[in-house]
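Structure first, then comments.
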2 protein chains.
Amino acid sequence: MVATDNFQKTADSARFNLATYLKERQQLCDTALDQAIPVVYPDKIYEAMRYSLLAGGKRVRPILCLATCEMMGGTIDMAMPTACAVEMIHTMSLIHDDLPAMDNDDYRRGKLTNHKVYGEDIAILAGDGLLALAFEFVARQTPETVARENVLQVIVRLGKALGAAGLVGGQVVDLESEGKSDISLETLNFIHNHKTAALLEACVVCGGILAGASGEDIQRLTRYSQNIGLAFQIIDDILDITATQEQLGKTAGKDLKANKITYPSLWGIEESRAKADQLVAQACAELASFGDKAIPLQAIAHFITSRNH
Amino acid sequence: MVATDNFQKTADSARFNLATYLKERQQLCDTALDQAIPVVYPDKIYEAMRYSLLAGGKRVRPILCLATCEMMGGTIDMAMPTACAVEMIHTMSLIHDDLPAMDNDDYRRGKLTNHKVYGEDIAILAGDGLLALAFEFVARQTPETVARENVLQVIVRLGKALGAAGLVGGQVVDLESEGKSDISLETLNFIHNHKTAALLEACVVCGGILAGASGEDIQRLTRYSQNIGLAFQIIDDILDITATQEQLGKTAGKDLKANKITYPSLWGIEESRAKADQLVAQACAELASFGDKAIPLQAIAHFITSRNH
């Protein structure tokens, strides 16, 4: 049996094609997101919400949610409403962060930012609309196969990841730190734990909750997601220095220009990359007990450090 | 029995003191809202959220939620998390509506608006933080005595009342209508049904859902709330013309100055007031079958048309 299992494991690993996997899941997410927001009167607000939501992101967050739910024995159907919700929340945070009163960005995902197309007023409202829909969608669309208590737990996690204890709090400290050159590593970690890692953690952990994962497994998933969350941010910082605007689809070199403290500015690019690789290895090790079922999440972790945009 | 019931009814009506009732409930809500948002790092965002949330509103929305839950046989404890959530959602919509990119208001509830005190960036984030907390709070704090499925239904209703099919959609049409003098009654109704009535309806209906009200009773509650929602807006329009800034706590005469179509501008003040009275009478009649238990909600309906600020 052991020999067969090992053979099967090697075969599964060999068979697993991350590019195909990501593409398939991305298409599933794109279809679900497209159907989540039909255009009705007043058209403009639905169009503004769709403009940013369907702007062709990589769908890393929803895919993490789906993959975790499947690894823990759940189905794609169980997790899809939450997967859509995390992408709505992520998109909403980008729309509001890009506003002139915040980071004042003109480009995002290679397209004009929401307020450059629809105006600041509509952009603020499109963010609010996406946020409201995210919670409504989870509560309304999650199938009966998921225990109602677990759906409520997902809503608690999403609210926390988004609010003052998550994305919002991270953005506040980020804004306060702007232009200062004496930011501590502690503050930098706070910003990224809240602006980036909190939502990634929610994606993974909510996928587990939806599948009915045990408290112990939720702990494992939490450590996996915290590691890839930090690795993700380190790579983002490196790409801001090394990648071109065309590759990023958003303004490049912004951190340097804004005199922002980043991981590469503290550690150098080489050491930052080594740290990211180490975090990914730790993340993958957390999932060892799930065997072959963990292959997609482990491959996604490696993908995060190897991406160039 | 009938004679005793009638005697009891008259006695209850006579005993009911709306001013005392509202004051007691307002204090309960203020305490719960105060406890809902402790100040932790980063302090500024929690302070900004608290600044607007605890600015001393009348708490009409949360009180409607509590009163409905009690009328339908539920308790204050069952409804308090949702009552807090509707006030968070209402406050968030005021913060965002007051922004320079929207209605550009300097005063609200007699105090400087959020962005005048904390800046536009923090005001946008304070709104987002309140919104996230509203959903998290309902999911996390609603006691086990409420069926989990009913809590999810409440979240669906709140999301809908807030999003593009509610507040957000109403604000979009309101912004589009600004400065136009040829707005139809249909458009005006759309704006108010979405900007004002949708959230009032959610307050009332969610109070019923939390108490486990039947579908038929939810229908009655819906009609009650739609009638008081429209009456509320008509009175708001009248007060914008007749009340002073001191009474309103916000800039008075804004609608006239902005050349906005309002109910008084279409019907005149006299007819508008008569229409509001008629709507309140219809609202009260909807609750006739609940007997004396409906006294608070009926008194609140009358309060709406008699208020002078």
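The values are calculated or read from the model by the stated rules, or taken from the named source; none is laboratory data. Here the structure is a predicted model, which is why all the values come from computation and not from measurement. Using ideal geometry, Cβ is built from the backbone for each residue, glycine included, and neighbour counts are taken over all protein chains shown.
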Query raised in the report: So which of A:Leu158, A:Leu130, A:Leu152, A:Leu94 is under 18 Å from B:Arg140 (Cα atoms) and under 19 Å from the mean Cα position of the chain (by Cα)?
Result: A:Leu158
Report task. Would you list the helices (runs of 4 or more DSSP H) that sit entirely within the range B:236-299 and hold 2 or more residues that are β-branched (Val, Ile, Thr), surrounded by fewer than 16 Cβ atoms within 10 Å (Cβ to Cβ) and modelled with pLDDT under 95? Result -> none
Query raised in the report: With (1) free of Cβ contacts under 8 Å to residues at least 60 places away in the same chain; (2) within 29 Å of B:Ala294 (Cα to Cα); (3) surrounded by fewer than 20 Cβ atoms within 10 Å (Cβ to Cβ) as the list, and B:Val39 as the residue in question, which single condition is left unmet?
Result: (2)
Requested in this report: Residue by residue through the range A:38-83, note down the ones that are closer than 18 Å to A:Gly119 by Cβ and under 19 Å from the mean Cα position of the chain (by Cα).
Outcome: A:Met49, A:Arg50, A:Tyr51, A:Ser52, A:Leu53, A:Ala55
Query - Number of the condition not met by A:Gln26 [criteria: (1) in a loop (DSSP other than H, G, I, E, B); (2) at pLDDT 95 or above; (3) closer than 30 Å to A:Gly291 by Cα] - result: (1)
Report summary line: Restricting attention to the range B:63-89, the residues that are surrounded by fewer than 24 Cβ atoms within 10 Å (Cβ to Cβ) and either within 12 Å of B:Leu131 (Cα to Cα) or within 14 Å of chain A (Cβ to nearest Cβ) (or both) number exactly 0
Query raised in the report: For A:Ala288, which of the numbered conditions (1) free of Cβ contacts under 8 Å to residues at least 24 places away in the same chain; (2) more than 17 Å from A:Asp217 (Cβ to Cβ) fails to hold?
Result: (2)
Query raised in the report: Hey, any hits in the range B:207-223 for a residue that's within 14 Å of another protein chain (Cβ to nearest Cβ), at pLDDT 95 or above and touching a helix residue (DSSP H, G or I) at 6+ places or on another chain (Cβ under 7 Å)?
Result: yes
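Tell me whether the range B:108-115 contains one or more residues that are part of a strand (DSSP E or B) and more than 28 Å from A:Ser177 (Cα to Cα). Working first, answer last.
Looking only at the range B:108-115, we keep the residues that are part of a strand (DSSP E or B), and these are B:108, B:111-112.
Still in the list and also more than 28 Å from A:Ser177 (Cα to Cα): B:108, B:111.
Yes.
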Requested in this report: For the range A:94-103, state whether one or more residues are part of a helix (DSSP H, G or I), more than 8 Å from every other protein chain (Cβ to nearest Cβ) and of a type in the set (A, V, I, L, M).
Outcome: yes
Report task. Pull up the range B:90-111, narrow it to residues that are touching a Lys or Arg at 6+ places or on another chain (Cβ under 9 Å) and among the aliphatic types (A, V, I, L, M), then point me to the one that is surrounded by the most Cβ atoms within 10 Å (Cβ to Cβ). Result -> B:Ile95
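For the range B:58-115, give me each residue that is of a type in the set (Lys, Arg) and out of contact with any His (no Cβ under 6 Å at 6 or more places or on another chain).
Taking the range B:58-115 first, the residues of a type in the set (Lys, Arg) are B:58-59, B:61, B:108-109, B:111.
Residues satisfying the conditions are B:Lys58, B:Arg59, B:Arg108, B:Arg109, B:Lys111.
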Query raised in the report: Which ranges mark the helices (runs of 4 or more DSSP H) fully within the range B:125-202 that have 2 or more residues being free of Cβ contacts under 8 Å to residues at least 12 places away in the same chain and at the interface with chain A (Cβ under 8 Å from one of its Cβ atoms)?
Result: B:148-162, B:167-177
Query raised in the report: Would you pick out the residues in the range A:112-124 that are surrounded by fewer than 24 Cβ atoms within 10 Å (Cβ to Cβ) and within 7 Å of chain B (Cβ to nearest Cβ)?
Result: A:Glu120, A:Asp121
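Examine the range B:53-65 for a residue that is touching a strand residue (DSSP E or B) at 6+ places or on another chain (Cβ under 7 Å) and not in a helix (DSSP H, G or I), and state whether such a residue exists.
Here is the first cut: in the range B:53-65, the ones touching a strand residue (DSSP E or B) at 6+ places or on another chain (Cβ under 7 Å) are B:55.
After this cut, where a residue has to be not in a helix (DSSP H, G or I) as well, the list is B:55.
Checking the range B:53-65: at least one residue is touching a strand residue (DSSP E or B) at 6+ places or on another chain (Cβ under 7 Å) and not in a helix (DSSP H, G or I).
Out of all the residues in the range A:162-178, which are of a type in the set (A, V, I, L, M, F, W, C) and modelled with pLDDT under 95?
So the first thing to find is which residues in the range A:162-178 are of a type in the set (A, V, I, L, M, F, W, C), and the list is A:162, A:164-165, A:167-168, A:172-173, A:175.
Answer for the range A:162-178, where residues must be of a type in the set (A, V, I, L, M, F, W, C) and modelled with pLDDT under 95: just A:Leu175.
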